[in-house]
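The values are calculated or read from the model by the stated rules, or taken from the named source; none is laboratory data. This one's a predicted model, so the numbers in the text were calculated from it and none came from an experiment. Neighbour counts are summed over all protein chains in view; Cβ atoms, including those assigned to glycine, are modelled from backbone coordinates with ideal geometry.
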Amino acid sequence: MDSNIQNRINQDLKNSEKIKSENLDPEDYPFDVYLNGDQYNEWLQFIIRKYEGDHLISKNFGKSYEGRDIIGILLKGKGESCHKPTIAVDCGLHSCEWISPGNLITH
């Protein structure tokens, strides 16, 4: 483990720029690199396009202070209603939550 967290942050920024420069499709984003906010949202939109229907419903919960869409996804069983008791898992809502979106998509 790197004892200087700034080194890791700098490396993550380089990795994020590399993804951007290679013009990767969100389907091909690596899971060992932390995505920036735009890349995370591109990946989320890819997941919605790929799986929306029987098991996944997307919902726009509003806008952030900066005017960005706050998108959520609801997972459900085939043919089930989304009106059953629910567990909500949120991540990336605050500016300092740099690790939670990556952690959520890999688990």
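Summary table below
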{"item": "Selection from the range 34-60 of residues that are crowded, with 16+ Cβ neighbours inside 10 Å, hydrophobic (A, V, I, L, M, F, W, C) and outside any helix (DSSP H, G or I)", "result": "35"}
{"item": "Residue count, the range 4-20 (criterion: of a type outside the set (S, T, N, Q) and either farther than 21 Å from residue 41 by Cα or touching a Pro at 6+ places or on another chain (Cβ under 9 Å) (or both))", "result": "3"}
{"item": "Residue count, the range 1-53 (criterion: over 26 Å from residue 67 (Cβ atoms), touching a helix residue (DSSP H, G or I) at 6+ places or on another chain (Cβ under 7 Å) and not hydrophobic (A, V, I, L, M, F, W, C))", "result": "2"}
{"item": "Total residues in the range 5-35, condition under 19 Å from residue 50 (Cβ atoms) and of a type in the set (Gly, Ala, Ser)", "result": "0"}
{"item": "Evaluation of residue 51 against (1) within 30 Å of residue 77 (Cβ to Cβ); (2) under 11 Å from the mean Cα position of the chain (by Cα) (one fails), failing number", "result": "(2)"}
{"item": "Odd one out for residue 7, checked against (1) part of a helix (DSSP H, G or I); (2) of a type outside the set (Lys, Arg); (3) in contact (Cβ under 8 Å) with a residue 40 or more places away in the chain", "result": "(3)"}
{"item": "Residue 20 modelled with pLDDT of 75 or more, touching an Asp or Glu at 6+ places or on another chain (Cβ under 9 Å) and more than 30 Å from residue 8 (Cα to Cα)", "result": "no"}
{"item": "Residue 80 modelled with pLDDT of 80 or more and in a loop (DSSP other than H, G, I, E, B)", "result": "no"}
